[in-house]
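Peer 1: Take a look at this one; I'll ask things after.
The values are calculated or read from the model by the stated rules, or taken from the named source; none is laboratory data. Predicted model only: the values in this text are computed from it and were never measured. Here Cβ is always computed from backbone atoms with ideal geometry, including for glycine, and neighbour counts include all displayed protein chains. Remember, those area values only see protein heavy atoms, side chains included, never the ligands or the DNA or RNA. Shrake-Rupley method; radii C 1.70, N 1.55, O 1.52, S 1.80 Å.
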Amino acid sequence: MEATFAMVDVTSEVRIVGAEGPGGLTLRTTGLAAGGRPELRVEGLPPYLGHGWARVLAAVARRLASSDHVPSTVTLAPDAETTVEISLTPADGGFLTPGPPPGADPDGWHRDVLLRLFPEARI
């Protein structure tokens, strides 16, 4: 999935909004579409992961907004020793869904991402 975009004003506002339902917490971005980018959405999160995953979505949104194309993966590197690869999969409604890279175990992946990006969450 590669699409090329013209330069975008990355100073536009992007928000992370959420709603809790029977299947868990859903978080999504609003504002990326104003720059011609797909919005991000993650569903089925345990509520206790909401704050951390809002931070993850914000980091992925920054990468997406500043890229000249829609990448199929994004690598977040909070420090020189830690990297987290996130796959971006097209979903219904034109959203992109962040998920584990190919071959990774999806069980517990959302929690693992937070612990790797934000080690202080272990406390």
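Peer 1: Set the Förster distance to 22 Å, then compute FRET efficiency between Arg62 and Ala91 from the Cβ-Cβ distance, nearest 0.05.
Peer 2: It comes to 0.65.
Peer 1: Which distance in nm do the two modelled labels at Glu13 and Glu81 give, with both placed 7 Å along the Cα-to-Cβ direction?
Peer 2: Here the answer is 3.9 nm between the modelled labels.
Peer 1: Can you say what percent of the DSSP beta bridges in the chain, counting only those with both residues inside, are antiparallel? Round to 5.
Peer 2: Within the chain, antiparallel bridges account for around 95 percent of the total.
Peer 1: Protein chains only, probe 1.4 Å: how do Ile16, Ile86 rank by accessible area, largest first?
Peer 2: My answer, sorted largest first, is Ile16, Ile86.
Peer 1: List the GluC sites (Glu not before Pro) within segment 38-105 that fall in a DSSP loop (any state other than H, G, I, E or B) and whose Cβ has at most 16 other Cβ atoms within 10 Å.
Peer 2: Passing sites in segment 38-105 are Glu81.
Peer 1: Add +1 for every Lys or Arg and -1 for every Asp or Glu among the other residues with Cβ under 14 Å from the Cβ of Pro46, and state the total.
Peer 2: -3
Peer 1: How large is the direction-averaged shadow of the alpha-carbon convex hull of segment 19-123, in nm²?
Peer 2: That works out to 7.2 nm², a quarter of the Cα hull's surface.
Peer 1: 7 Å from Cα along Cα→Cβ at both His51 and Thr26: what's the point-to-point distance in nm?
Peer 2: Between His51 and Thr26, the simple spin-label model gives 2.4 nm.
Peer 1: So what's the angle, to the nearest 10 degrees on a 0 to 90 scale, between helix 50-66 and the longest Cα principal axis of the chain?
Peer 2: 30 degrees
Peer 1: Using a Debye calculation, one point per C-alpha and no hydration shell, please list log10 I(q)/I(0) for segment 27-81 at q = 0.23 Å⁻¹ in order.
Peer 2: The Cα Debye sum returns log10 ratios of -0.97.
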